[in-house]
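Undergrad: Take this structure first; my questions come after.
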Amino acid sequence: MQTDPARVRRTDPGDPDKCPVWDLHQLYSNADTQAWVQQGCRSAGIGCLECKAPLIEKIVEEVSAISKRAQEFEENPELVRGIIAEGCERARGAARDTLDAVRQAMAMDYR
Ligand code: SF4
């Protein structure tokens with residue numbers, strides 16, 4: 001991920017407001033971590049890789065719940081087929097009702 005473009009070297013101070021990593025810290029990090037980023041970035045006290053580490057941890061944690069759920073479906077194709085079949089049946093019923101309403105509105109007697 002691109003960071004503050006002005007921060008070319010590890011020793012260059014950065015500006016979190018010009019960095020998309022900061023946007024993610026605002027979503028995922030607590031106040032202490034955000035303060036650490038603000039101070040560390042502006043003083044070149046931390047590097048960009050170091051800055052991203054706590055985010056990676058949080059995002060992996062969040063995604064792991066989704067991955068776990070996806071794995072359940074991968075391991076049970078019959079469950080997936082059942083969900084699809086149930087959805088198809090519901091959609092078929094809704095389509096039938098809609099077509100009946102359209103035919104009635106157009107005074108089409110198709111029976
Ligand atoms: S230290 Fe963090 S906020 Fe600062 S430029 Fe690097 S990634 Fe962005």
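Undergrad: Which residues, counting only those in segment 18-40, are more than 9 Å from the ligand (Cβ to nearest atom) and exposed (fewer than 15 other Cβ atoms within 10 Å of the Cβ)?
TA: Correct list: Asp23, Gln26, Leu27, Asn30, Ala31, Asp32, Ala35, Gln39.
Undergrad: Looking at segment 76-96 only, could you name the residues that are exposed (fewer than 10 other Cβ atoms within 10 Å of the Cβ) and more than 32 Å from the chain's Cα centre (by Cα)?
TA: Residues satisfying the conditions do not exist here.
Undergrad: Residues to consider are Glu62, Glu50; find the one that is more than 9 Å from the ligand (Cβ to nearest atom) and under 27 Å from the mean Cα position of the chain (by Cα). Break it down stepwise before answering.
TA: Working: Glu50 fails: more than 9 Å from the ligand (Cβ to nearest atom).
The conditions single out Glu62.
Undergrad: Scan the helices (runs of 4 or more DSSP H) fully inside segment 18-110 and keep the ones with 2 or more residues being in contact (Cβ under 8 Å) with a residue 24 or more places away in the chain.
TA: Working: elements: 20-28, 31-42, 48-74, 77-105.
So the answer is 20-28, 31-42, 48-74.
Undergrad: Between Glu72, Glu57, which is more than 16 Å from the ligand (Cβ to nearest atom) and surrounded by fewer than 14 Cβ atoms within 10 Å (Cβ to Cβ)?
TA: Unique residue meeting the criteria: Glu72.
Undergrad: Follow-up question, since we're still on this one. I'm told Lys18 meets every condition in (1) at pLDDT 95 or above; (2) touching a Lys or Arg at 6+ places or on another chain (Cβ under 8 Å) except one. Can you identify the failing condition by its number?
TA: With respect to (1) at pLDDT 95 or above; (2) touching a Lys or Arg at 6+ places or on another chain (Cβ under 8 Å), Lys18 is out only on (2).
The values are calculated or read from the model by the stated rules, or taken from the named source; none is laboratory data. Note that the structure is a prediction, hence the values are computed from the model and not measured. Backbone-built Cβ (ideal geometry, glycine too); neighbour counts: all protein chains shown.
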